[in-house]
Every structure is written in C-alpha cells, then in structure tokens.
Amino acid sequence: MKRLFEGRMRNKQLLSWLAVGVLVGALLLPLVISIPLLAEEFEDAALEQAAFAEETLGEDVPAQEIGYDVHYGDEGIVQGPPAPVTSDNENDYPRYNFESRVIIWVANQQHLYYGSFVLAVPIFVMIIEFIGMVTKDRAMAQKYDTLAYDFIKISITAYSITAILGGVLVFTFMILYPAFWTYMTKIFHPAMHIYVLLFLAESGTLYIYYYGWDAMREGLLKWVHLSMAVFLNVFGTVLMMLANSWATFMMSPAGVDAEGQYLGNIWLAVHNHLWNPVNIHRILGNMVFGGGIVAAYAAYRFLSAKNDEERAHYDWMGYVAMFIAVAFLIPLPFAGYYLMREVYAYRQQMGITLMGGLLAWLFIIQAVLIGALFLTTNYYLWQGMERMRGAERYQKYIKYMTFVLIVCFLVWLTPHTMVMTPTELKEMGGQQHPVVGNYGVMSAKNGAVNIIITTTVLSFLLYQRCNKIPTVPWARYGNIALWALFSVAFVNIIWLAIYGYYIPANVRVGLSVPQVVSTLSCLFIGMTINLFMMRGAKPTGPVEWGKISVRSQYALFMLATSFTWMMGLMGYIRSSVRLHWHVNEIMRDNSPWAFTHTIGFAANMISFNVLFFWVTLLFVFWLGSLGTKKAVVEKGRAAPVAALAPSTN
Amino acid sequence: MAKDVMMTIVLFAASIAYFTFINWWLMDFQGLDYWYMFRSGAELSSGGH
Amino acid sequence: MDFLKDKKLLFRLWIGLLALGLVVLAITNYRVNFYGNSRLLPVSLGIFVTATFLLGIYFQKVRVVMHGAAFMIFVAAAFAGFSNWLPQTIGEPPPFEEKIADISTMSTQELADLGEKLIFGAVGASTVKGSIGKGQCPLCHVFGSSEHGERAPNMYGLPDRSEKIVKLDEYQNRDTVQTVAFDGSGIAESGLEYMAESHACPNCYVSPGFGKGGTNDRESPMPAIHKSPINLTIDEMVAIDTWSYIREGLEAPSVDEMRVAYEKFIPEDERPQASSGADGEGEGGESQLYATGDEPLPKLFEKAQCTVCHVIPGIPDADEGDFGPELYVKTNAPKRMKDKNYTGSASSVEAYILESILDPNLYIVPDFDEDLMPEDFGTGLNAKTVFRIVNYLSQLEKGKDPPNHEEM
Amino acid sequence: MPGFIEGMMPVQLLAEILLIIVIFVLGAMILDKKMGIRIPMLLQAALVFIAGWWYYKFRIEPPLPFSVRAIYQVMIAIGIFMWVSSAEKGWTEFKRPILAVLDAKTPLTWWVRAVLLVVLPLSASGMAYKNLLPSLGEPIELRTVHPAPPAAVTVHGKKFPLQTSESPVRVDESGEYSNHIQDAHVMDNPFDPDSIQYMQNVKEGGDIFFQNCHFCHGDNLNGRGLYAYAFNPIPANFTDPGTLAQLQETFVFWRVAKGGPGLPREGFPWASAMPPWEQHLTTEEIWKVILFEYWHTKYPPRTWDE
C-alpha cells in the first residue's frame, strides 16, 4: 500500500484517484437508488396517480377495489389476482417421480453459485486491473494485468454457464411450480423485463471488455477499458438486486394486500423489508466466495506446478485471492447481524424460528463453518510466515494465539440446547448446564467471535512485519501502543461479554455494537500504526514466493470448500425460514413437500450441490487453461510485490 | 527507561480511556445506558441457579 | 512387451477397478438411502474420498486433481457428517385451516363425521364411553339402541320417532311455557323440522317424563344449543342431524332442506356465525371457559352445570336436579367417608367434595347411577371456581339454614 | 479440588484452562532450558489432548453430555494440529516418530508397529461392537426450547397479534401501559391495600399463581414445584435468565394460554405437560399471572424496539 502514499503525486495518480472515486460511486449507485427516501417519492406518485384516476373517472365507472399494502400499509388500487390457493394435485404441482423441491433446490443453487462467481470476479478484475495501472513497477504492472485477464477469461465460460443455468431454473419453475410462477410473473413482469435487458447489456459489455483487452492497452483507452469494468459491475449488481427482490418478496412480501393482490406499485414489491439487508449481505458474500474460488484455483495450479517460477506465481495469486476473500469476510458477520435484526423487526416469529426454533441447529453448523474459516485463515497466514526470513521472532507467539482461538471456539461452539440422552439430562439436572451452559448465550458468543476476529487481525499484523525491522525513531513506542491497543481491546471485549450477563436483555443487545467497534478499532488503528512503523523498515530478507508448505495450499482448498458449503447452508436457511409458505403469509405451499427436511438431509443436499459445482468448475478451469498453456509466467520476476503483499524495501 | 515506563502508562491509559469512551458513546447512541448495572445497583450475581 | 511395464499397468488397472467399485458402492448407498436413511449419505462421501485418494496415489498425472478433490470431498463429508450426527427433526407444516364454512360441498359421510365429532369429540368416539364433544349432548342424552335415557330421551331412532311426534295431538296442541320458537315461526310439520325445532327451542315440546322437575313437563331442562354456552352454528347442527340419519342407515335429507328447517326456528339475529377459523398456527382451538369464578354463586353453579343434576340448598333455581344427590355435604360426607364402599382417601368435608368433583366414581351414593357424573369437571373448572364451590358446599347442613350465598 | 464458585463459573473455567496451559508451557520450558530434557513434540501434543479430555470429563460438575465433549475434543485436536504444524521445524519433529513407526526403522519401532497393527483393528472392532449393541437407554430427543410463536393467537374470541399486543395490566399510576413500572415497584409490598393499580394486579396475579401454577413451577418460581419431577423435562425455571427474561410478554401469554397442546408442529413430540390455561383462566387473569411472574423474578420482559 505504501507505494501509493509515497513520492510525488503525478497526473496519472491523480487521475487514478478520480477513477477510484467514479468506480466507488458507480458501485454505490444501486444502493443509493434503494434508499427509502426515494421509495416514498414513488409511493406518493402512485397515490397521486390513484387519486387522479379516481377524480377523472368519477363515479360512473364501477368503483375500483382498494387494497391495503400488507407491509407498508399504503392504500392502492387492486390490479392483480389474489394469490392462488393451491392444492396437492397435478395441475398446481406437476411432478416427476421425485421430490420437485429437490430439483428446484439443485437448479437454484447451481445458478446462484455461478451467478455469484461471475458477479464477484469482475469486481476483482476491476480492482486488480486498477492496481496494475497505478503500479509504477512495469514488471509488476504487467503481472497484475495478466492476472486480471486470466480471471476474466475464467469468468467468460462461467458466464455462459450461469445463463444456461438461469434458463434451466426458469423452466424448472414453470414446469414444476406453474401456479406459483404465474403469480410471481403477474407481479414482477416489468422487473423481469428490465432484468432481461440488463442481462443483454452486461453480456455486451463483458464481451467488449474481454475481447478489447489487448486493443485498449495504452493511455486513455485503458481508462475507458477500466470504466467498462465499472459498468459491468454496476449492471451485475443491479441484476443481482433485482433477482434478490423476488427472493425477499417471498420472505417479506410487500406491494400486495393481505390476499396477495398486486396494488400496482412495483417499487414497493421490489423494495420489501428484507431486500436491502439481503443485498448487502450478498454483495459481501459474493466477494468472499469469488476470492475463495480463485484461491482454490491458484492452489491447484501451485500444487501441479512444474517449476519454481510457476510455483511463485500461483503462491502469490492464491495469497491475493485469499486476502480479498478475508477482507470481505471480516465485515460479513456484521452484515449478517444487520440482516438478522431486520428479520426480527419484520417478524419475531421468523427470527425465533431461525435462532431458537426449528432452524437453530443450522446455526450451530454455521458456527462450525465460521470457525473453520477463521482458523484456516489464521493457519494460512502462519504458514505464510515460512516464506520470510526473520519470522522466527513471531512464530513463537503462534501457540498462544492458537490457544486463544481454540478457547474462543469452545465458547463459540457450545450449543445453547445440548444434545444429550435422557440419562445425561438427569445427571445434569436440567437443560442448562450450570457452568458450560453460560457459554450458550449470545453474550458469550459475541465476545468469542470478536476475539477471534481481533486475533485474526493480530495474525495479519504479525505477518506483515515478519521480514522487517522498524527503523522509525518512535518504533519502541509504536510497539507499546500496539500492545496497549490490542490488550485493552481484548480486555474490553471480554468485559463487555461478562457485563452482558448482569443487565437485562434490552440493554444487553446494545453491547454488541461497542464490541464490534473494538474489533474494528484494532483493525484500523492497529493497521495504521503498523503501516507507519514499517516505513523505511530494514528488511531481513525478501518474500520468497513459492516457498510455502503444501499444507497451506490445502488450507486454501479448505477455505474454498467451506465458503461454498456455507453459502449453500445460508441460502437454505434463508429459504427454508418461510416454512410452509411459498410467499410468506400470502401463498401457502400445499405441495406434498411443504414440510421442512431434517438438517441431515439438508446437509447432504448442500454437500451434493457443493461437489457438483466443483466438478463443473473443474471443467471451466480446464477450458480456461486450454488457451494459456505456457503463457502465464514471465521470466525473471523475483521482484518484490508491492500493493497487497508486504514489501521488501 | 523512565520515559519508557511513562509512555507505557500513558498509552495504556489512553487505550482504556478510548475504549471506555466508545463503550459509553455507542451505547448512548443507541439510547441505552452503559452504566445500567452501576446505576440500578443490581447485585453481582449470575442470576442463574 | 516389457514385463515390468506390463505388470505396472495391470496393477493400475486393478486399482482403477477397485476405485470404480468403491464409487459404485458409494452411489448405490446414496440411491438406496436417499430418503429412507439419509444419515448414511455422508458415508458415500467417505467412500468417495477413499476412491479419489487411491486414484491420486497411483495415477501420477491426475495426482493433484485427485488429492485436491479427495480433500474437498473430505471437508464436505465432515460438514455433512457433523450435521447428520446432530439429532434430526422434520418440521411438519401446520394442518390445514379447517374451514367448515361450506358444508354443501361435503359428502354426506364427511358431514356425518363432522356431526359425530361435534357430539362425541372425535370420529368413531360414539362407541366410547364418556366421550363428549363441543355439542355436549352425551351429558344428558344416550345414543345406543338398548340404553335407557335417565336425564333425557334416547336419541336412537330419532328420525323415525320425529315423523310420528309431529302428528300427535299432544304435539299439535301443546301447553308449554313457550309454544313457538319465536313469534310467527309456526310449528314443525315434518320430522326434519321437529328435530330442528327441538334443538332451537327445547321448551316448545317436552317429551313426556323429561321435563324439569315440578313443571309437569311444561319446561325442558335442555338449553337451546344455538345459544351460549354451546353456540352451535346451523351448519354444525345440520351435521349433527346428518349423523343421526346416517348412523341408522337412513338417507339424510339434503343440506339445503335442513338449513331451511333450522332457519324456520331460529330468527336471523340469533344465528351464530361460524368463528373466523384458525388465525394462525399452533392454536389449540377456541376454548370455552365454564365459569370464570367471579360470578355470583347461583350463576357460578349454573355455569359449572351442577344445577342440572343436583339440588343445592340455598341456591335459587337449583331445586330441580334429581340425577344426583341433594348436596347436604357437611351432613352426609362424614357418613359416606366411613362407608365400606367408599374408595377415596379424603379425611375432611372439603377434601371429600374436591375428590368427588375430580373423580366422581370413588363413591356412588346409593340409589344413584354409576358413571352419571362427568369426569371432566376437574379439567374444565378453574381453581377459583372449584375453591368457591367447595367452600359453599362444605357448609351445607341438613336441618340448618344454608349460609348466605351472596356473601360468599 | 475446590468446586466452582457460584456466579463466577464461566470465567473461572476459562481461568483454569489458562492456568493449565501456562503450567504446561512453563514446565516444558523449564525442563528444556534448565534441565535439558526436551519433551518430544508428539508427547507434548498427546499430553495437551489428554489434559483437555481429563478436564472436561472429570473437572466439570455436573458431567457434560457426550456430544458437547466430543465437539470440544475435536476442537482441541484441531488446535493441536495447528500448533504443531504451524512452523516447518515443529512439524518435522512431530512427524518423525510417526514416520519412524510407519517405516519400522529400528527394532523398537518395528515392535510398536506390530502392536499397533493388532491393537488398532481390535479396538476399532470393539468400538463397532459397542455401538451396535442394542441399548436400553431412552432415545435422544431433540426438543425445541423456544418454539416459534404464531403471528397472532385468539384467546376467548379475541385476537392478539404477538408483535404489537401489550399487557393490559402493566399500567402506571395513570392507567397507561408502561414499560418501566416494574423497575420502580420491584421492592413494594403487594399486600399493601393502598398500593397503586399495578401492585394490586401483581397481587392478584400472585393469587392466581399460587392457586394454579405453583404446583409445577414452584413457590420460588424456579420450576421445582411439588409435582415438578413427575415431568421430563421438568417445568420451566422462571428465575433462569434463559426463560422469562429472554421472552416478550406476549410470547409468554401465548404459551400460558395455549399450553403444551398449542405448541407448533415443529415441537413434536410435545414435551410440555402445560395445560392450555385459557380453559381455566380469563384473559385478564393470564395477563396478571404473567405480570406477577415478571415482578417476582425481577426480570423485565424483553422488548425489541428499545
């Protein structure tokens, strides 16, 4: 990073910051259009229209039926049929000799996996291309550019697969759930048209972007090229948000009255209660997911590499991808927290089904997955220390960090409702264990997960300074400041966790915010202090890319698989929380599959989806490698890595 | 050496002050009372039996 | 051909076949246990891990892919295995909201089943002793062909009997406290109408011998069942009548005919509306509170249904019941507790009363029928009601004035 | 060994684990640096693993269910793996004896291998046998502790949306609903005839509780009533922060009114013997008894919007 801060500000750099501004602005555009203020304008307009219609038409025409929005409570003119009441027969639910829901499950999940991948990769490509453009070092710049090109090539194949899977999904819906699908299209048909148009626009942009890569290599054209990446991402994000609105409409319907009759304002249906929380969660989740896949790809190439140079390249690539994934993984729990809060705000019933009721065990599994992710991340960073000489100074702290992490995970994984035989129950004398049972509640878990994240930050900090000895005159105090920051943060998080036991629930829920901010303080203040301390630091040796254990690459596999599995799990949780409703409280699922499967069955399905996805992805990778045989690695690059990795000078 | 000790004390005190401040401020921001327990004089018991 | 090379190839062939066999095994396991025993599915993944790992060892060219895949499958298997290790539970959807709104679409049998449910609480419960449903009919009526009704006429053969009753002189020229259901309703002209009339207006005609004690059969002890506290809707009463026909092998009149019959005897503003149905899941259905416990004592005894069978000294209107003993409990209880037929364990008057409410058959007072008193008062009355009943009854002594109920 | 101190148990447990690890690390260091005895990595790992097993099996009282210990033990094993393999040096040292046994390099390792080849299959088959042996124990039952409530309940003909309903008896001096009334009157005497309406409601709720509820839920509201042990699981303990304190008043209203039979289908099989109290109590009485339960346990009802 520090290269960006150093030296004279040249025009190119000025331009690049401007570009970053545009880029970020364009990315935020979809979020901006979804803020509630605008929603009100839309609503007003719709109401005016309704009033106008009333006035002009007078009393001669048959009175239009007025309905009340089931969520927003607004008045509107009924414009659609009520939600169909289905029954278990071949007309409403045509079927093969198989569970229709499982078929739709697979189709949906595969489409989502590929969709997320092709949404995430252009974002990386955009960032990496940008980094390449502003990197002064020609060799490095070239390296970044090639990397970006490699990524987009993979995503081209994945893109067409996504489209195919989308088609499969739509047909599956039409064939297996015609009543439901007809109802949804009656409400969302304008949005669906926009969706199709956007899809065309995205395809066009993507093809120009990809095939024009070489033609738009230099000067201003390169900036045009980059701006295309921005548009690509805007289209992609809006696409995803439109699709999200259908899924969230099913969870928290709006824009219709209690009978499910459409009230004529598409914006209300799109902008339903859970839309934005899911949007944010998904954008972050996609980034993590995409990073995971690229990291797995790099690990695979690393393990099958024939020479040191190739190994070095893919080691580096895996590191960058992992870094991106983890950077987005850290805010993800907070986005999840926001989503959960909104779920509770929407329907307490839904929240309890998730966190304490039928689906609560799925969150135990999720906890295990989160545990696996953070442990693996830490493990990968520790393994990465092997690349650098001088890391021995910090390696001795690993065992203490492991201890902290594991203890936190013991707390984190302690179930609120323990599985036990009746004999064990009697021995314990109640559902709650007097000692360990205390770890089963939110207060303890919030503390544990924040300590885990803070420890991960610490791991990263140590990793960054592994091969450097600070030379700034205040280095000593800097170290003391870091010590003070982290130890007090740890104590503060633990204190807040304990404090939570002694105050009532409505005050307690507020404690999670200062806990999170403690963690983020460590992240930002710690990183900043560290960054300045490392200015002009004395290197103890270069980063020897490629000199890393095989275990670390398996850690990347682990990350990728866990991300994929977690995504399948969270998607299942989000979808199954509707229980026996197609559209929550509006359209009941009366098929034979309205029940909720056991968690074991769900886990088997998720595993199947995950493995199916990876098998097909292998095919995509293979296609991607067809064109690039021997073209990847250029010679003589033991050059230091500037932007995302710790630098050596 | 004395300066080191001084700096250590100062930096730790600053950290404690900082975290206490964000605790209080963020709770206040949510309309909650960070000092609830001390104000309400609740006993320090686990509450569970 | 090079022997050694040949041998190596052969070895790899075997390994390949072994792996293939494992894969077949894994897929078979998946196929067989997909629905039945899905907890075994992660085992398939485990076998996959072994197979891919084996292939990775002996096929150098695909080593990395195979080992990577084996690891990934292992991770997925671990997560799936953990999930399957946890206890499994299926979330059933709630039952359909029962909408009895439209009985005209029901088949006759469905309608009869609904009727049986209303009378006895469940389909098929008509033969189970002591079962009682929303209509509370079996509290007084009996339904078996050979049973003898103590409190009220036997309902067996009602459809046939009704046809005859409407032609009787006593029916045509009745002399009861209320001769018509409401002004202008007229009287029944067919058996079907008679059944409707006697549900809606029990006083219109009283079967000889079943009138309220001392009224010379001019007044019926039966409540109008479309009114509180039973509140049956017309549709429900139609269902009950349908059951009466069907169970005797007779052909039931159409729903419309029966509705018309009921509408003749129930004025529009008295017709109870069907409750709005289940509003949400997890509801235990609409419930009826016998008595809140806050009523004045006479009202309380009436709502708790004691006065139907018992004479309770000091309580106005509780002077007719003759299916159960007169409740001079303070006098009688000590004697009864010493009786050799007494099987309870009470040692005080209060305890005896409480016991008799909760478990009436512990002691049967001579000359009264066994099994007559319902056993569900214990679950139907609330604590306050029981407390006040016990408190009052325990002070009733023969030969002394009953306590002033207004102060209790 | 002293037991766990009431009120400090979770923290004490963490402190004890920390102590064990500190002793372990210091001990290993002293042995290594001062006495020149280096404990092999494999042995260290095994020691940590066994220490963890011992701690959770014997130190924690009452005993933990097997499922929880299994999760803990797997986590400890993962932690040990992360620790020994974090640096190449330690990992090599850790692997050396294992590889030596696998390769049977010395007579000793040959013997170890031979013994293992016999013992491992035997113990595996023993475990399989034990697992397949029919057991007379009751099967494990997964019970939902907080069943999801319906959106609204109908009690005595009136519909109560759980999200928005308020207790009609939680009122302040002016008769308005008040969230904070309980805080101010937690120490009041409910038998004071001059007390405000709220306290009179509490008292009436208490009467109802002792007429109807205390047989199971106990006179201390701790779920240890006269008949409590006739049920499995035993009735809810209201003094536990995991019950009333975590619930909205309307949720409790639903559970009281509809009882065990009113639990949603997902709670099957019902493991609640609670009767549907709407058949015995009026709506107002239900609200009053809930009011009393909160007042007596001093927990405020949970609210979402503050």
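Odds and ends about this structure:
- Test: residue in segment A:593-609 that is touching a residue at least 40 places away in the same chain (Cβ under 8 Å), farther than 17 Å from A:Gly357 by Cα and part of a loop (DSSP other than H, G, I, E, B): yes
- Residue ID - modelled with the highest pLDDT, chosen from residues in segment A:418-439 that are surrounded by 20 or more Cβ atoms within 10 Å (Cβ to Cβ) and not hydrophobic (A, V, I, L, M, F, W, C): A:Tyr439
- Selection status of A:Ile452, within 28 Å of D:Val74 (Cα to Cα), more than 9 Å from every other protein chain (Cβ to nearest Cβ) and under 30 Å from the mean Cα position of the chain (by Cα): yes
- Segment A:327-369 - residue that is modelled with pLDDT of 85 or more and of a type in the set (Val, Ile, Thr) and, of those, surrounded by the most Cβ atoms within 10 Å (Cβ to Cβ): A:Val343
- Candidates C:Glu197, C:Glu219, filtered to the one that is at negative phi and assigned to a loop (DSSP other than H, G, I, E, B): C:Glu219
- Residue count for segment C:40-95, restricted to those that are over 23 Å from A:Phe621 (Cα atoms) and either β-branched (Val, Ile, Thr) or in contact with a strand residue (DSSP E or B) (Cβ under 9 Å, 6 or more places away or on another chain) (or both): 8
- D:Leu102 meets each of the listed conditions (1) closer than 30 Å to A:Gln395 by Cα; (2) at pLDDT below 85 apart from (2).
- For segment A:201-223, residues that are surrounded by fewer than 12 Cβ atoms within 10 Å (Cβ to Cβ) and aliphatic (A, V, I, L, M) total 2.
- Within the set D:Asp219, D:Asp240, D:Asp207, the sole residue that is of a type in the set (Asp, Glu), within 11 Å of another protein chain (Cβ to nearest Cβ) and surrounded by fewer than 18 Cβ atoms within 10 Å (Cβ to Cβ) turns out to be D:Asp207.
- Only one of A:Ala296, A:Ala305 that is within 12 Å of another protein chain (Cβ to nearest Cβ) and in a loop (DSSP other than H, G, I, E, B): A:Ala305
- Residues within segment D:155-179 that are surrounded by fewer than 13 Cβ atoms within 10 Å (Cβ to Cβ), within 34 Å of the chain's Cα centre (by Cα) and either in contact (Cβ under 8 Å) with a residue 40 or more places away in the chain or more than 14 Å from every other protein chain (Cβ to nearest Cβ) (or both), tallied: 1
- Filtered residue count, segment C:34-48, keeping only those that are modelled with pLDDT under 80 and not hydrophobic (A, V, I, L, M, F, W, C): 5
- Just one of the listed residues (A:Gly546, A:Gly526, A:Gly510) is of a type in the set (Gly, Ala, Ser), more than 10 Å from chain B (Cβ to nearest Cβ) and surrounded by 20 or more Cβ atoms within 10 Å (Cβ to Cβ), and it is A:Gly526.
- When residues of segment A:409-432 are limited to those that are under 16 Å from D:Ile234 (Cα atoms) and under 35 Å from the mean Cα position of the chain (by Cα), the one nearest to the other protein chains (Cβ to nearest Cβ): A:Met420
- With a requirement of 3 or more residues that are closer than 30 Å to D:Gly3 by Cα, the helices (runs of 4 or more DSSP H) lying completely within segment A:323-440 that satisfy it span A:398-413, A:422-428.
- For segment D:151-207, a tally of residues being of a type outside the set (Lys, Arg) and assigned to a helix (DSSP H, G or I) returns 15.
- In the set B:Met37, B:Met27, only one residue is at pLDDT 75 or above, at the interface with another protein chain (Cβ under 9 Å from one of its Cβ atoms) and within 12 Å of the chain's Cα centre (by Cα); that residue is B:Met27.
- Checking C:Gly209 against (1) on the phi > 0 side of the Ramachandran plot; (2) touching a Leu at 6+ places or on another chain (Cβ under 9 Å); (3) of a type outside the set (A, V, I, L, M), the condition it does not meet: (2)
- Odd one out for A:Phe563 among (1) facing another protein chain (nearest Cβ under 9 Å); (2) among the hydrophobic types (A, V, I, L, M, F, W, C); (3) part of a helix (DSSP H, G or I): (1)
The values are calculated or read from the model by the stated rules, or taken from the named source; none is laboratory data. Since we're looking at a predicted model, the values are computed, not measured. Here the Cβ is made from the backbone with ideal geometry for all residues, glycine too, and neighbour counts use every protein chain on show.
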